[in-house]
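Undergrad: First, the structure itself, so that you have it in front of you.
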Amino acid sequence: MFDNMIDIHSHTLWGVDDGSRSLDETMDMCFCSEDSGTGILFVTPHLIYWDSVEELYDRREEKVQILEETLDEQGSSLIIKKGFEILCDDEIFNIKHFKPYTLNGSRYVLIEFDFGKTSEEDVASWCNYLQSFGLVPVIAHPERYGFVHNDPTCINRLSDNGVLFQINAGSPAGAFGDREMQISCQMINRGFADFIGSDAHRINIRNTNMAFYIERYPDAVDMELVRKAAVINPKVILEDLQYIPKREKYLAGL
Ligand SMILES: [Fe+2]
């Protein structure tokens with residue numbers, strides 16, 4: 001499919017969240033990633049509890065070091081980058097320092113929310129707060145949220161306010177359901193899929209093989225825009241550069 005993909009969202013690190021459960025599983029996920037065309041893999045554990053965030057941060061550092069040494073010993077050339085997937089709720093208004101928790105220490109911060117309870121207004125206020133620190137919010141899998149299913153045009157408004165989007169590689173292939181497929185395909189074709197990530201949690205289910213899903217996208221999906229989201233756009237995160245999205249056309253209310 002594509003070479004040199006940059007997967008900005010995975011739960012590949014073992015024992016830090018509901019993702020990988022062992023170093024062996026992590027290694028299998030890394031080899032799967034590399035074999036399917038990913039050159040750079042972000043490990044982005046869920047950041048849910050701010051009262052134990054320093055402990056989580058230290059565990060991530062320790063395990064990434066072990067992972068990098070093990071990959072090196074086994075001759076892998078996969079590059080690991082670090083981030084978190086921050087679960088936003090009103091508690092973030094108590095947090096003043098986000099930089100240690102961004103993607104690769106950049107201005108880009110990967111965020112998620114409760115799937116059912118969250119409203120567009122909630123998301124707009126959390127994103128405004130993050131932006132007040134000079135950060136750029138990247139919403140993980142927008143196609144999976146109830147508030148987006150109810151009114152996909154909220155993506156247009158969030159985008160107009162400087163928010164970016166990472167769709168899950170499996171969504172346009174139907175791995176999460178029809179609604180997720182419909183919204184994510186439209187997001188790609190209208191220029192709203194800034195990044196694509198595996199959001200891999202395991203080796204056997206929703207794994208790090210993004211190419212497997214990309215090969216199964218409907219014919220109507222613009223593969224050049226998929227390539228940009230998987231290979232080109234994530235470079236701005238690696239280099240902490242400004243990114244100005246090119247939206248083709250507003251999303252329609254489905
Ligand atoms: Fe995730």
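Undergrad: Taking one equal scatterer on every alpha-carbon of the chain, how large is log10 of I(q)/I(0) by Debye at q = 0.08, 0.09, 0.15 1/Å?
TA: Each listed q maps to, in turn, -0.27, -0.35, -1.03.
Undergrad: Determine the calculated [θ] at 222 nm for the chain from helices alone, applying -39500 (n - 2.57) to every DSSP H run no shorter than 4 residues and normalising by the residue count; nearest 500 deg cm²/dmol.
TA: -9500 deg cm²/dmol
Undergrad: Can you give the translational diffusion coefficient of the stretch 114-254 in µm²/s, computed by Stokes-Einstein from the Kirkwood radius over Cα pairs at 4 °C and 1.567 mPa s?
TA: 85 µm²/s
Undergrad: Still on this model: So what does log10 I(q)/I(0) come out to for the stretch 45-97 at q = 0.24 Å⁻¹, using the Debye formula with one equal point on every Cα and no solvent?
TA: -0.93
Undergrad: HN-Hα J couplings of the stretch 75-89 from phi, Karplus 6.51/-1.76/1.60, θ = phi - 60°, integer Hz, Gly and Pro as x?
TA: x, 7, 10, 5, 9, 9, 10, 10, x, 9, 10, 8, 7, 8, 8
Undergrad: For Ala252 and Arg227, FRET efficiency with R0 = 25 Å and r from the beta-carbon atoms, rounded to 0.05?
TA: The formula returns an efficiency of 0.55 here.
Undergrad: How charged is the neighbourhood of Ser22? Take every other residue with its Cβ under 14 Å from the Cβ of Ser22, and add Lys/Arg as +1 and Asp/Glu as -1.
TA: Here the count lands on -2.
Undergrad: Going 7 Å from the Cα of Glu61 toward and past its Cβ, which residues in the stretch 86-103 have a backbone nitrogen under 13 Å from where you end up?
TA: From the stretch 86-103, the list is 100-101.
Undergrad: From a point 7 Å beyond the Cα of Asn128 in the direction of its Cβ, which residues of the stretch 158-193 have a backbone N at a distance under 20 Å?
TA: 158-165
None of the figures in this text is laboratory data; all of them are computed from the coordinates on show. In this text the structure is predicted, and so the values were computed from the model without any measurement. Here the Cβ is made from the backbone with ideal geometry for all residues, glycine too, and neighbour counts use every protein chain on show.
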